[in-house]
Each structure stands twice: as C-alpha cells, then as structure tokens.
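Single-structure report; data block below.
Read the figures in this text as sums done on the coordinates, not as results from a lab. Not measured: the values here are computed from a predicted model. Here the Cβ is made from the backbone with ideal geometry for all residues, glycine too, and neighbour counts use every protein chain on show.
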Amino acid sequence: MKVRYLRVKQWFLVTLMGVLGLSSCRSHKETIVSDGMPKEPPMQRDEILLMYGTPSMDFRLRGEVKDEQGRPVQDIRVNMLEYNMEVEGTTLQGNPDRVKEWLEESAVITDEKGRFVLDRHDFPRDRVRLMVRDVDGAANGDLQDKVVDVEVRAADVDTTGANGWYRGTFNKRIYISLDRKK
C-alpha cells in the first residue's frame, strides 16, 4: 500500500513539474500587422519573462606547465575542478572511488612542450580551480602537485552568442610552474 501511495505521489509531482516547466509566464498572443504577418506584441513594463534552467558557461583554458628552471614538463595531468569540489591542500575531498574516477576521466595531459588545452561546459563562477598533478613518477622528475586558482574576469569572457542562461565563453592562457619534491 505504501509503495502504491509513493508511486501516485511521484506521478503527481512529475506531472506538476512538467506542466510548470512547459508553461510560460509571458503572454504569447499574436498580433497581425498590415502585411498580414504575425508579430509578437512589445513587452509591457509589468510583464516579466521567467525561464527555467541552469546558468552555464564554456571554459577554454590553454596553458603551459614548466618546472622551476623553465623547462616544459610532459605528462602532467591537469583537471578543472567542478563547481562544488572541495580541496584540502592538494587532496580532493569526497568519496574516494568517485574522486579517482573523476580525476581520470576529466583530465588533460600535457604534451612534449608542456602544453595543454582544457575545454569544459560548466556552471559560471568567479574563479576556476585547476588541480595539476605529476602522475608519471620519476620519468620527468618528481614534481609537487599544485592547485591553481584562475580568476574569471569579464574581459576574458566572450559574450558572442550569450543569451538566456548561457553566459558565453571564458578564454584564458595560463602558465604554471611546478617545483621539484624535496
């Protein structure tokens, strides 16, 4: 009986959300102008357009990773942390299996010149946090992991094509220097 009640409640809530999500709080009455073509009426001052959705932004970070002597470092893993990920030192907090999976799936690896390109579509924010990790062992020397914060400034955001919830593209070139482990 309880299962049936929960299913009916669930069906009701999904239906209600669908109706609310597909309706609009704005008038969609058409007006016909002299040429016979329909034209949307001008928005009135007291008319508010409401939208459902989540703000989003494209992030494109191009960068180079070098050691303390300025030499490019190959095979460094660079991850852009998700909006709500917490870091303590250079360790991600959370479920160890989820963290490991995320670190492996979302990483980009530097090439022989230490360069990387990281593209991501995510929630807009005022800073981007990168986790930079040496994962190849002693192949390129033992380098310390690092967390790098990159400030998102309006001058670095291309708003071409931005509308509604989409805020545009954040483009930034960054340079990261890693120290040797002591």
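Return the equivalent ellipsoid semi-axes of region 57-178 as a descending list in whole Å, where each equals the square root of 5 times an eigenvalue of the C-alpha gyration tensor.
26, 18, 11
Using the structure shown, select from Lys66/Lys181; Lys146/Lys181; Lys113/Lys182; Lys66/Lys113 the pairs with a Cα to Cα distance greater than 18 angstrom.
Lys113/Lys182
Net charge near Gly161: determine it from the other residues with C-beta under 15 Å of the C-beta of Gly161, scoring Lys and Arg +1 and Asp and Glu -1.
That works out to 0.
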